[in-house]
Amino acid sequence: MPDNRYASASKKCDIVMKGGITSGIVYPRAVTRLAQEYRFQSIGGTSAGAIAAAITAAAEYRRHNGEIVFDQMNEIPDWLGAKSLAGPGSNLFQLFQPQNRMSGLFRVASAFLAYSGWRRWWTLARALWMDATIGALPGLAVLVLLWRSHPVAAILLGVLIAGTGKLLGALAGVALRASRLPKNHFGLCPGYAEPQPGQPVTLIEWLNNKINFLAGHPSDKPLTFGDLRRAEVTLKMMSTCLTLGHPYTLPFDTSEFYFSPLEMSAYFPKPVVDWMVQHPAKVSEHHEKVDSTGLVPWPAADDLPVIVATRMSLSFPFLFCAVPLYAVDWTRRRRTTEEPPAAKRVPGDALNHDELRRPEVIWFSDGGICSNFPLHLFDSPLPRWPTFGLDLCDERADHPDSHLWMPQNNQGGIAQGWKRWSSTGTAALSFAGSIVDAARNWTDNLQTMVPGYRDRIVHIYLTKKEGGLNLNMPTEVVQGIAGYGEQAGEKLADHFLRGVDNGKPTPMAWDNHRWIRYRSTMEVLADSLSRFANSLEHPEPGDRTYSELIKREAGDPPHSYRFTEEQREFARDSTRQVGDLGQEMGDYDLSEGAPRPKPGLRVRPQF
């Protein structure tokens, strides 16, 4: 019998999942709590948040097909926090298995990712003892050579040189290992390795099995975005293309990419790679002039396995290998027939005049590089149902006992969060880290202050032992974090369904949220449409009006992007109506009493 707690849910919601290792522990129980009263229409995730997003989508897909598996999601934090039977540390820590060639550098990194206090320094010492010993040899040589003639000087110089040499040797060992990163796809862990008896399961193997299990799919039929779409579930994830310098939303809406099956086999199980090879997208005609030997067109959106998009989104820099795809650089110039071929080719050099274009590697990394909290993914000006967000934050010194916070009134959340660092030896590192954080998170930070956004975010405050990149937390810490997720789900349901907070009535209910969005949208529309109306019929001297451009004859320039006759007739009438509306709205002041800060309406590329 279906579990009525989940089967009877009738309300709709969207949810966007922020990045951060801890999100994999927080989100499952937040989702299962919300799933008792909501059905997830759209699910978004980035970085490690993509893991929970994929699992949520699989469970919602299964519910659409008449079966309930949300309780299995509830068990994920327990398993992640449990001690691994296949190696030291927790199951969460053991999911991260390095490439053989990067195991030494991974041991160094794991000292900071999984340990603290004396265990951190012990782990570092074990990882770098050989390098430190080699670095100490000159000091030992000085001690031996000077011992008979100058024993005191021998000890002083020998210890000084040996100590310095040990430090330099350890640093040289780290640098030498780091120099191998480019040949290993710029990462320590591929995320996947074929299962071996007695060896820990890797992250992608575990996650792929979990997605298929929750979705009710056999191992040779990966869950795809098309499966989700047909079940009326939308899933989107963020990834960052470092080669092209901007974010992408997965699945792609372009057919410009290729992949190497051989390379993908190092990232995904064989059934996933086989599926991708068997479902290539159709390429456009100009791609017939491309030499794509050994490459396969990237699957179309409906045919892309969810596990592939998830891995591309969670490629945390240097911890995980970046994902190589291929595309053609159509901007590369061809040499004329008079130009001789280059004697020595360099990357990006001009093509010979008769040379076929060859796809070149482009690197995809973590979605959180550009957007770690993509609240914008599913928003419309006037929402029909809420989009929830959970924000994982550092603990606050002024509220040491508060783990969750949500705005209690319409002004709540309007103030900006502060970054602080003391004038200690680590202040410079904190300052540098804040530069990076500001560069990559400024859009998300501003978005969380906008009216109609800030009131649907639960902020979860985590201590240094709970948040960040802690991969080896004690079981009791993991259980506590998982409990925060369940409490966050309860708080969201209380606010938006019951209009209460901690048992007391709150003004921050669903109708209040809808009214905020309406008031804010109307102010932005009035401003935008009044400027539209003003520009429509008041061009600069000598320029035609937009109405004249719409009505121009077939032979009149400009000749690009022309309307069909039917489009032109509609555009003429609708443009006039919009202009009239903009003129009318400009005569009224809708800004007085509107929510603050005022949002901006701007055109930006889809990504």
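The values are calculated or read from the model by the stated rules, or taken from the named source; none is laboratory data. Because the structure is predicted, anything quoted here is derived from the model rather than measured. So basically every Cβ, Gly included, is an ideal-geometry build from the backbone, and we count neighbours across all protein chains shown. SASA here: full protein model, heavy atoms, side chains in, ligands and nucleic acids out. Shrake-Rupley method; radii C 1.70, N 1.55, O 1.52, S 1.80 Å.
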*Compute the distribution of all C-alpha to C-alpha distances in the range 31-88, in bins of 10 Å from 0, and list the percent of pairs in each, rounded to whole numbers.*
20, 48, 24, 8
*Give me the distance between the Cα centres of the range 1-44 and the range 331-351, rounded to whole Å.*
54
*So, by mean Cβ neighbours within 10 angstrom, what's the order for 571-583, 291-303 with the highest one leading?*
291-303, 571-583
*1.4 Å probe accessible area per residue over the range 300-394, in Å²*: 43
_Can you compute the equivalent ellipsoid semi-axes for the range 311-415, i.e. the square root of 5 times each eigenvalue of the Cα gyration tensor, sorted largest first and rounded to whole Å?_
50, 18, 12
*On average, how much accessible surface per residue is there in the range 400-481, in Å², for a 1.4 Å probe, leaving out ligands, DNA and RNA?*
59
*Report the charge-dipole magnitude of the chain in Debye, nearest 20, computed about the Cα centre from +1 at each Lys and Arg Cβ and -1 at each Asp and Glu Cβ.*
2100
_the range 23-136 pair-distance distribution - Cα-Cα, 10 Å bins, rounded %_ = 12, 32, 25, 17, 10, 3, 1
*Under Stokes-Einstein, with the Kirkwood radius over Cα pairs standing in for Rh, what whole-number D in µm²/s applies to the range 490-607 at 37 °C and 0.692 mPa s?*
183
_Could you tell me what a quarter of the Cα convex hull surface of the range 380-512 works out to, in nm² with one decimal place?_
9.9
_Estimated vicinal HN-Hα couplings, Hz - the range 130-143 in sequence order (Karplus 6.51, -1.76, 1.60; Gly, Pro = x)_ = 5, 5, 5, 5, 4, x, 7, 4, x, x, 5, 5, 4, 4
_If you average the alpha carbon positions of the range 72-108 and of the range 503-548, how far apart do those two centres end up, in angstrom?_
50
*asked:* What whole-number volume per residue, in cubic angstrom, does the convex hull of the C-alpha atoms of the range 123-199 give?
replied: 119
_Residue-count net charge about Ile414 - beta-carbon cut-off 11 Å; Lys, Arg +1, Asp, Glu -1_ = +1
*Taking the highest mean first, how do the peptides 236-243, 102-109, 124-131 order by number of other beta carbon atoms within 10 angstrom per residue?*
236-243, 102-109, 124-131
*May I ask for the Kirkwood hydrodynamic radius of the range 1-75, worked out over all distinct Cα pairs and given in angstroms to one decimal?*
12.1
*Can you find, among Thr123, Val308, Gln408, the residue farthest towards the positive end of the dipole of the chain? Put +1 on the C-beta of Lys and Arg, -1 on that of Asp and Glu.*
Thr123
*Which percent of the accessible area of the chain is formed by carbon and sulfur heavy atoms (probe 1.4 angstrom)?*
57
*asked:* Among 4-17, 444-457, 340-353, how do they line up by average Cβ neighbours within 10 Å per residue, starting with the highest?
replied: 444-457, 4-17, 340-353
*asked:* So if the hydrodynamic radius of the range 470-556 is defined as the Kirkwood radius over C-alpha pairs, what does Stokes-Einstein give as its diffusion coefficient at 37 °C and 0.692 mPa s, in µm² per second?
replied: 177
*asked:* Could you tell me the ratio Rg/Rh of the range 224-284? Both radii from Cα atoms, Rh via Kirkwood.
replied: 0.97
_Can you tell me what percent of all Cα-Cα pairs in the range 140-249 are more than 16 Å apart?_
79
*Can you tell me the alpha carbon radius of gyration of the chain divided by the globular rule-of-thumb value 2.2 N^0.38 Å?*
1.14
